[in-house]
Amino acid sequence: MLFTLSEIRKKEIVDTRTGEILGRADDIKFDSETSDVTSVIIYGRPKLFGFLGRDNDLSVKFSDISLIGKDAILVTEVECIPYAEEKPEKRADF
């Protein structure tokens, strides 16, 4: 079954061991050399409508996803790690 990114973004990610809803799939990360999807990114939930910031973003490895269903994405061996956007190094152009 094929899904587009917009269809995946509408699905909630559920940890099947605890039944906890981790959030919605907001973005994907893929390897540009092999075109393989490596992880699904979940943006942190806003605190007090975003006035107090957000929770940490999470990254779920694509290999930990057991099923992408009609309404949800099921994750079994979940090892959510905080997702830190890699920032390019600053160059000094003289």
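The values are calculated or read from the model by the stated rules, or taken from the named source; none is laboratory data. The model shown is predicted, which means the values in this text are computed figures rather than measured ones. All Cβ positions, glycine included, derive from the backbone under ideal geometry; neighbour counts span all protein chains shown.
Odds and ends about this structure:
- Filtering the stretch 1-22 to residues that are under 14 Å from Ile68 (Cα atoms) and of a type in the set (Gly, Ala, Ser) leaves only Ser6.
- The residues in the stretch 8-28 that are free of Cβ contacts under 8 Å to residues at least 60 places away in the same chain and within 14 Å of the chain's Cα centre (by Cα) can be counted, and the count is 10.
- Scan the stretch 16-25 for residues that are closer than 14 Å to Lys61 by Cα and part of a loop (DSSP other than H, G, I, E, B) and the total you get is 1.
- Residue identified as modelled with pLDDT of 90 or more, surrounded by 10 or more Cβ atoms within 10 Å (Cβ to Cβ), β-branched (Val, Ile, Thr) and not in a loop (DSSP other than H, G, I, E, B) among Ile13, Ile8, Ile41, Ile28: Ile13
- Some residue of the stretch 39-56 being touching a residue at least 12 places away in the same chain (Cβ under 8 Å) and in contact with a helix residue (DSSP H, G or I) (Cβ under 8 Å, 6 or more places away or on another chain): yes
- For the stretch 46-65, the candidate set comprises residues that are out of contact with any Gly (no Cβ under 7 Å at 6 or more places or on another chain) and surrounded by fewer than 13 Cβ atoms within 10 Å (Cβ to Cβ); within that set, the residue that is nearest to Thr4 (Cα to Cα) is Ser63.
- Identity of the residue in the stretch 50-86, of a type in the set (A, V, I, L, M, F, W, C), within 19 Å of Glu20 (Cβ to Cβ) and in a loop (DSSP other than H, G, I, E, B), that ends up modelled with the lowest pLDDT: Cys80
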